[in-house]
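Report on the following structure.
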Amino acid sequence: MADAKWPKAGDRSLIGKRISRLDGPEKVTGSAQYAYDVNLPGLLYAKLVTSAHAKGKIIAIDLSDAESSSGVKAVWKDEGMVGGEIRYVGQVLGAVAAETEEQATEAALKVNVDYEVQQPQVVDSDSQFATGRESKRESGDIEAGLKEADVVAEGKYGLPVITHCCLEPHGQTAEVRDGELYIWPSTQNVSRYADGMDDAVGIPRSKTHVDCQYMGGGFGSKFGSDKWGTLCSQLAKETGRPVKLLLDRNIELMIAGNRPSAYGEFKVGIKNDGTITAFQANVWGTGGVGGYGMRWLPYIYEKIPHTLVTTRGIRTNRGGQRAWRAPAHPQCALLTMSALEDAAAKIKMDALEFFRHNIQLTDKPDVYLEELEIAADLIGYKEKSHLRGEGTPGSVKRGLGISLHRWGGLGHPSECDLSINPDGSVTAEIGTQDLGTGARTVIAIVVGETLGLPIEAITVRIGRNSYPASGASGGSTTVGGTSTASRLASTSALNELLKIVAPHLGVSADALEAKQGVIREINQPTNAIQWTDACSLLGTNTLVKRGVNDRNESRAKGFIDSNVGGVQIADVSVDTETGIVTMNQMVAVQDCGLIIDMKTAESQVFGALIMGITSALYEEALYDAETGVMLNADMEFYRLAGIKDIGNLKVHMMTGKKYEDRGVIGLGEPPVISPAAAISNAVANACGVRVPYLPLTPDRVLDALEKGGIA
Amino acid sequence: MAKEDNKPLDSGISRRGFLKGVGAGTVATGMMPGLAPENAQAAESAKIQGPGEVPITLRINGRNRRVNVEPRVTLLDALRNRLDVTGAKKVCDRGTCGACTVLVDGDPIYSCSMLALEAEGREITTIEGLGTPEHLNPLQKAFIENDAQQCGFCTPGFVVACASFLEKNPNPTREEVRSGIGGNLCRCGTYAGMIEAVLDAAEVQKGGN
Ligand code: FES
């Protein structure tokens, strides 16, 4: 009988290899169909009507001009908003649906809204606005810890609100046919996308069909159907026509999620030998109209004996925060690594030596030590490193910066139905989604490995809520959840098949294995039957088995685990005359347990590095303090890194028994945590001063250089 | 001169250069004397027709497609919303990100920044015209091999931009690739694989495959 446990290193034919993603051909030819691409006969286009002001009251919403606008088929206003309060620009007030997109846009502009405008508050960098409830955490005795130190380094650091800016905006296409609702959404949560829509639309969940084969990025912002999704379905029901509603880019940037800012004042106590004694932080920031929390301070070096951390949120008249790839971790990493590295610089200690010296203050010293060494080798730390500001002469300064991070990543609850058909074909069905992580490919690899078949032989069906339920893709949980469910399903189906095959090979099922397209006797591989011949023994019956990932049980059995560590080092150049920061190189060393597909795993890390570089150098949601309007709600001025901006990237995945024996652990979030912290430290190392606030734009760099010295 | 400006740089397209090109094109439409006769004709009809729908014929991937559009409709929206040619994506809708890149008379353009009427009489090649899942071109194969796509939403635009870049620069250096396809953006961060993909495809094409 086949054992469901993950195969040992020597026994793997697919797991851990470099395998190209299965849906590559559809993606590179434009034939992959996204929510935005669904065109149906009679399709109407819907546009939102949104608040033009950030704060105030709605006095009236007049739809009459919009209603008579050409091509308009339906108009809707949120009656509850009349007399209601507006809290941010872009708040949804209504919607129109028209024959063409242009007509819908025109009609939406004709909706007349009367406001009673009030002065908004959007400033988040000033602690005087931090009136939210204070959360306070302490360990040891901060005063004693600071006294114990030989040197106390003080600093201010911060990073602004940034957005998800998924290239496919949020939204969906919907159609009501024969009383059933069909939805094509862009979502991270296929199985439960339609939750809550049934009451609002008046069609039960059992008659709601969700289909998302491809989606153009989520990063934590696409878990629910949102008000606009529900609206789209309602308009489809009302008009009897299919309706497409995807957010315009400016609206997407303002209301469809963002990452909270974090600013703070810090004190780090350090002894002359580099030992950290105390860490004090007073942190504030905004999640817009959403909540606020910076839970992970001090980050990684969490066993510093004396700590005092207070955090307070600022409610601002901006759209609400959403989970943004590794919520709160990148902020806590930037704040902590900056403060610690400034302390090291103050006693003229090499950063690598300093981070190593204190490694016992982390929760996995051995992993970090190993990763630090690899990262230092890959970047050429020995040859390139220098103390802060003591680099080469000339106006262009080069420097290195380090950051460490961690993440959980325990696989989510997931179910898989695995079918083996009499003709030998194999199908896996899971109600999961592929955000571009390679989820489809991972499932095929696991099933192929289990059944001894090439991945081309496996049909993977995902993206529908009619398939066995699977968790949302958030928190780096998908690969753990789906790989375990598909491993369990395919092992149990195989064992059923082995029982049927056993009499034909004259041995017991225990003595058989499925390898290289045959079922054979383990001890006598020539006693074998071809896979298709074996399957034909099923007669007319398809063999279907369900695998269920129960998080606790799977963790106990070694299928999945949680808690990984990573180290990154950045190599930058800073032009001290222009203030321009250039990425030379960046290395990421990452542990994520047993890797299913090395190729797509590395892509996750490359992608995270680039996303992190973007946040370090370019990204900031800029709001006008007077009007509360987002000033850069477009992709020209809300800038993403381009191919020229990233330097050379190197990725090293930790492999080997020690890591692989832990089982599968998620990877989406961890590598996005450190880049900004590492880059900020590299800039400080290069030019001799800390540029306290991200993004590290030329004006901020020049400003810091002008002020000089360590803050 | 307008014609000259309208051509992307030979070394490829930079975002700025690209914008400038598009801008020059729009101005040129109003400057009749500077235009070639067939374009002048298109501009003439654009001028006198509308604001209602006008029938036009677009030549897309070698086929003539008749479509009715209001003069305000962009080439991108004509393709996506009226002709169900959805490979080119709408992302920024402002000529910044390149997800809507198509070839017009062999040159890459942001189809969100060209009116459908302007494209009449010109040869439009979209991602659908470059290969199919069953018949991938070497560049597309190299994209897959080097995993130069994640969510894939930017990918069609990049493939078109890279194909055009390779056409004009069959023997590029790594640095030329970086500046040559700087007119497109990816949020998932697929640039590392993409540089390798373009270099690999150049090798294959040089080998005559
Ligand atoms: S692959 Fe997702 S935006 Fe490029």
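The values are calculated or read from the model by the stated rules, or taken from the named source; none is laboratory data. None of these values were measured; they are calculated from a predicted model. Because the Cβ atoms are built from the backbone with ideal geometry, glycine has one as well, and the counts that use them run over all protein chains shown. SASA here: full protein model, heavy atoms, side chains in, ligands and nucleic acids out. Shrake-Rupley method; radii C 1.70, N 1.55, O 1.52, S 1.80 Å.
Under a plain spin-label model, where a point goes 7 Å from the Cα along Cα-to-Cβ, how far apart in nm are B:Glu203 and A:Glu302?
Result: 4.5 nm between the two label points.
Under DSSP H, which helices of chain A have Cα atoms covering 24 Å or more of the helix axis and a Kyte-Doolittle average no less than 0.5?
A:598-617
Magnitude of the Cβ-charge dipole of segment B:138-205, K/R +1 and D/E -1, about the Cα centre, nearest 20 debye?
For segment B:138-205, the charge dipole is close to 220 debye.
Explain nothing, just the number: relative contact order of segment A:654-711, from Cα pairs under 8 Å at least 6 residues apart, as a whole percent.
Details: 28 pairs, mean separation 14.2, N = 58.
Value for segment A:654-711: 25 percent.
Between beta-carbons, use under 15 Å as the cut-off and find the net charge around A:Ala9, counting Lys and Arg +1, Asp and Glu -1.
Result for the local shell: +3.
Would you jot down the residues in segment A:8-40 that end up with at least 30 Å² less accessible area in the complete protein assembly than in the chain alone, with a 1.4 Å probe?
Residues losing area: A:Ser20, A:Arg21, A:Pro25, A:Lys27, A:Val28, A:Thr29, A:Gly30, A:Tyr34, A:Tyr36, A:Asp37, A:Asn39.
Please list, in chain and number order, the residues 5+ apart from B:Val54 or on another chain whose amide H is under 5 Å from its amide H, with Hs placed from the backbone.
Distant-sequence amide H within range of B:Val54: B:Val69, B:Glu70.
With a 1.4 Å probe and all protein chains kept in place, how do B:Glu70, A:Glu373, A:Glu429 rank by accessible area, largest first?
A:Glu373, A:Glu429, B:Glu70
How do B:166-176, A:600-610, B:121-131 rank on mean C-beta neighbours within 10 Å, highest first?
Peptide ranking by packing, descending: A:600-610, B:121-131, B:166-176.
Ignoring any ligand, DNA or RNA, what whole percent of the accessible area of the protein assembly as shown comes from carbon and sulfur when the probe is 1.4 angstrom?
The computed percentage sits at 49.
Assuming 0.36 nm per residue, please report the length gained on full extension of the stretch A:Ser508 to A:Asn527 beyond their Cα-Cα distance.
5.6 nm
Would you please give the FRET efficiency between A:Met1 and A:Ser466, computed as 1/(1 + (r/R0)^6) with r the Cβ-Cβ distance and R0 = 30 Å, to the nearest 0.05?
Values: r = 31 Å, r/R0 = 1.04.
Efficiency at R0 = 30 Å is approximately 0.45.
First check a/c for chain A, with a ≥ b ≥ c the square roots of the eigenvalues of its C-alpha gyration tensor; if it is under 1.5, answer rounded, and if not, answer prolate when a/b is larger than b/c or oblate otherwise.
The shape class here is oblate.
Mean separation of Cα pairs under 8 Å and 6+ residues apart, divided by the residue count of chain A: what relative contact order is that in percent?
After rounding, I find 17 percent.
How large is the accessible surface per residue of the protein assembly as shown, computed with a 1.4 Å probe and reported in Å² as a whole number?
Numbers: 33030 Å² over 920 residues.
Computed with neighbouring chains in place, this is 36 Å² per residue.
Given the -39500 (n - 2.57) contribution per DSSP H run of 4+ residues, what per-residue ellipticity at 222 nm results for chain A, rounded to the nearest 500 deg cm²/dmol? Please list the in-between numbers first.
Working: 19 runs with 196 residues, N = 711.
Calculated from helices alone, the mean residue ellipticity at 222 nm is -8000 deg cm²/dmol.
Between A:Gly391, A:Gly319, A:Leu48, whose Cα lies farthest towards the positive end of the dipole of chain A when Lys and Arg beta carbons carry +1 and Asp and Glu beta carbons carry -1, centred on the Cα centre?
Projecting each Cα onto the dipole axis, the largest value belongs to A:Gly391.
Could you go through segment A:246-252 in sequence order and give the Karplus-derived ³J(HN,Hα) for each residue, using 6.51 cos²θ - 1.76 cosθ + 1.60 with θ = phi - 60°, rounded to whole Hz, and x for Gly and Pro?
10, 5, 5, 4, 4, 5, 4
What residues of segment B:142-173 lose no less than 30 Å² of accessible area with every protein chain in place versus their chain by itself (probe 1.4 Å, heavy atoms only)?
Flagged in segment B:142-173: B:Ile144, B:Glu145, B:Asp147, B:Gln149, B:Gln150, B:Cys151, B:Phe153.
Skipping prolines and chain starts, which residues have an amide H placed within reach, meaning under 5 Å, of the one on A:Cys592, given they are 5 or more residues away or on another chain?
When sequence neighbours closer than 5 places are left aside, the close amide H contacts are A:Met654.
List the relative contact order of segment A:147-208 as a percent without decimals, with contacts defined as Cα pairs under 8 Å and 6+ residues apart.
24 percent
With a 10 Å radius around each residue's Cβ, average the other Cβ atoms per peptide and rank A:530-538, A:331-339, A:22-30, highest first.
For the peptides A:530-538, A:331-339, A:22-30, the packing ranking is A:331-339, A:22-30, A:530-538.
Which residues belonging to segment A:636-667 lose at least 40 Å² of 1.4 Å-probe accessible area when the assembly is complete, relative to their chain isolated?
Output list: A:Glu636, A:Leu640, A:Ile643, A:Lys644.
To the nearest 0.05, what FRET efficiency results for A:Glu116 and A:Arg137 with a Förster distance of 41 Å applied to their C-beta separation?
Efficiency at R0 = 41 Å is approximately 0.50.
Please give the length that would be gained between A:Asp195 and A:Thr239 if that part of the chain were fully extended, namely 0.36 nm times their separation in residues minus their C-alpha to C-alpha distance (nm, one decimal). Walk me through the numbers on the way to the answer.
Details: separation 44, 0.36 × 44 = 15.84 nm, distance 2.24 nm.
Working it through step by step, the gained length comes to 13.6 nm.
Rounded, prolate or oblate: pick one for segment A:3-146, where a ≥ b ≥ c are the square roots of the eigenvalues of its C-alpha gyration tensor, a/c under 1.5 means rounded, and failing that, prolate if a/b is larger than b/c, else oblate.
oblate
When Lys and Arg each count +1 and Asp and Glu each count -1, what net charge do the other residues less than 10 Å away from B:Arg94, Cβ to Cβ, add up to?
Around B:Arg94, the charge tally is -2.
In peptide B:80-91, what is the residue-averaged number of other protein chain Cβ atoms found within 10 Å of each Cβ? Please list the in-between numbers first.
Working: counts 4, 7, 3, 1, 4, 3, 9, 6, 1, 7, 9, 10.
That average works out to 5.
On the full set of protein chains, 1.4 Å probe, figure out the accessible area of A:Lys237 and give it in Å² to the nearest 10.
For A:Lys237, solvent-accessible area is about 100 Å².
Could you tell me which of rounded, prolate or oblate describes segment A:580-711, using a ≥ b ≥ c as the square roots of the eigenvalues of the alpha-carbon gyration tensor, with rounded for a/c under 1.5 and, failing that, prolate when a/b is larger than b/c and oblate otherwise?
prolate
Tell me which residues come under 5 Å, amide H to amide H, from B:Gln149 once H is placed; ignore anything under 5 positions away on its chain.
none
I want to check the label-to-label distance for A:Lys227 and A:Asp150. Put each point 7 Å from Cα in the C-beta direction and report it in nm to one decimal.
Roughly 5.8 nm, to one decimal.
Can you tell me the length gained on complete extension of the stretch A:Gln516 to A:Asp550, counting 0.36 nm per residue apart and subtracting the Cα distance?
Length gained between A:Gln516 and A:Asp550: 9.2 nm.
Tell me the total accessible area that B and A bury against each other, 1.4 angstrom probe, in square angstrom rounded to 100. All intermediate terms of the calculation are to be shown ahead of the outcome.
Numbers: alone 10890 and 26700 Å², together 33030 Å².
Its buried surface, counting both partners, is about 4600 Å².
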